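> Below is one structure. I have some questions about it.
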Amino acid sequence: MRIKAMVTRIIKQFVHDKRTIALLIVAPILVLTLLSLVFNGKEYTPKLALVDVPTPILTALEESEAEVSNQSLSEAEEMLEEKQLDAYITFENNTPTITLEGSDPTANRATLQVIQNVISKQQQNENLAMEIDYLHGSEDVTSFDNFGPVFIGFFAFFFVFLIAGVSFLRERTTGTLERLLASPIRRWEIVVGYVVGFGFFTALQTIILAWYAIYILDMMMVGNFLYVLLISLMTAFVALTLGTLLSTFANNELQMIQFIPIVIVPQFFFSGVFNLETISDWVSWIGPYTPLYYAADALQDIMIRGYGWQEIAIDFYILLGFSLVFMLLNTLALKKHRRL
């Protein structure tokens, strides 16, 4: 009878906790659906520019699976620098030279495969010598080098989000927040105080994470390490402000963790681990609406392409905008605890 009573109590708790039921049923379905749309997406289509390429090869490439355009050398170089191309092809003394953007090993392989298939068939020579140059990186760039910046941003975001949310939740459940709200301190001062306080340890964690990945794990690093820290810190602050915001809608640690499949997992899929061009159009549009999309883009620009402030400024300001919006929403969310 005692076991029956205990089972009945647990079942009633679950029945009345709609959020937990949603986590058990809806969240796995959502994640599996995303995985299906990601892995069953389109094949990657290389984007090529042709510079004074012989007509037979030009025609064959236009009939291939690649997106092909005719450009002058200066136009092709500019488009490659702006990541509008995967490669451009030039010919000198009947020898093709392929210049790859080079930062994405998957795009490199797909591009080289298309070009080699076409040129080999045209030349009737499977061992045709081709010169291959890289704008960024080299043939030694690994998938870890490409995904590494994404993982730095993701782990900084994930752990800060979780720790900040749970910590802020405890401030509420232990009565500390209520006592602060009963004092003359304003809501925005409470939010800023918590962000700065938690931000100290957030910054420490981010610095250690980035330093360890680059200098101990030997992750590819071409740009300025200070820019890596800047973007990583801003990513962590976005996670900090988002975690504290969502914690106001949770009543316990379990409910806080329940936000992870809805908030964190989808961002991982659209942060750069998978090429958005190969993901189903149904969901690929989500990427630009997530903070990790911009964090990963900036970190890859710094670490793989060696870009500086001018190229990452937009990503930085968007991350700053996310953080400020979440801070404002945090301030408004505190109204349900105290009206000024």
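The values are calculated or read from the model by the stated rules, or taken from the named source; none is laboratory data. What you see is a predicted model; the values in this text were computed from it and never measured. Every residue, glycine among them, receives a Cβ derived from its backbone with ideal geometry; neighbour counts consider all protein chains shown. To get the accessible areas, we keep the full protein, side chains included, count just its heavy atoms, and leave off ligands, DNA and RNA. Shrake-Rupley method; radii C 1.70, N 1.55, O 1.52, S 1.80 Å.
> Within the group E189, E131, E178, E171, which residue is open to solvent by 10 Å² or more (accessible area, probe 1.4 Å) and in contact with a strand residue (DSSP E or B) (Cβ under 8 Å, 6 or more places away or on another chain)?
Only one candidate passes the filter, namely E131.
> Does V141 fit the bill of being modelled with pLDDT under 85, under 17 Å from N275 (Cα atoms) and surrounded by 14 or more Cβ atoms within 10 Å (Cβ to Cβ)?
In short, yes.
> Please enumerate the residues belonging to the stretch 218-234 that are outside any helix (DSSP H, G or I) and of a type outside the set (V, I, T).
Correct list: D218, M219, M220, M221, G223, N224.
> F269 is checked against (1) over 30 Å from P46 (Cβ atoms); (2) within 19 Å of the chain's Cα centre (by Cα); (3) modelled with pLDDT under 90 and fails just one. What number does that condition carry?
(1)
> Can you run down the residue pairs with Cβ atoms below 7 Å, 6 or more apart or on separate chains, where the first is in the stretch 205-227 and under 22 Å from F316 (Cα atoms) and the partner is modelled with pLDDT of 85 or more and basic (K, R)?
V222/R305
> Looking at A333, A295 in this structure, which one is at pLDDT 90 or above and either of a type in the set (G, A, S) or open to solvent by 30 Å² or more (accessible area, probe 1.4 Å) (or both)?
A295
> What residue, of F237, F157, F201, is touching a residue at least 60 places away in the same chain (Cβ under 8 Å), out of contact with any strand residue (DSSP E or B) (no Cβ under 7 Å at 6 or more places or on another chain), open to solvent by 30 Å² or more (accessible area, probe 1.4 Å) and farther than 17 Å from A333 by Cβ?
Just a single option satisfies the conditions, and that option is F237.
> Another question, then. Yes or no: the stretch 197-215 includes at least one residue that is part of a loop (DSSP other than H, G, I, E, B), of a type outside the set (S, T, Y) and touching a helix residue (DSSP H, G or I) at 6+ places or on another chain (Cβ under 6 Å).
no
> Step by step: first the residues of the stretch 56-75, then only those that are out of contact with any helix residue (DSSP H, G or I) (no Cβ under 8 Å at 6 or more places or on another chain), part of a helix (DSSP H, G or I) and modelled with pLDDT of 80 or more, then the one that is farthest from Q300 (Cα to Cα). Which residue is that?
Step by step, filter the stretch 56-75, then rank; the result is T59.
> If the Cβ limit is 6 Å and pairs must be 6+ apart or interchain, which residue in the stretch 318-334 that is of a type in the set (V, I, T) pairs with which residue that is open to solvent by less than 40 Å² (accessible area, probe 1.4 Å) and at pLDDT below 95?
I318/Y294; T331/R187; T331/V191
> Starting from residues that are touching a helix residue (DSSP H, G or I) at 6+ places or on another chain (Cβ under 9 Å), not in a loop (DSSP other than H, G, I, E, B) and not aliphatic (A, V, I, L, M), keep the ones in the stretch 76-115 and report whichever is nearest to L299 (Cα to Cα).
Result: P105.
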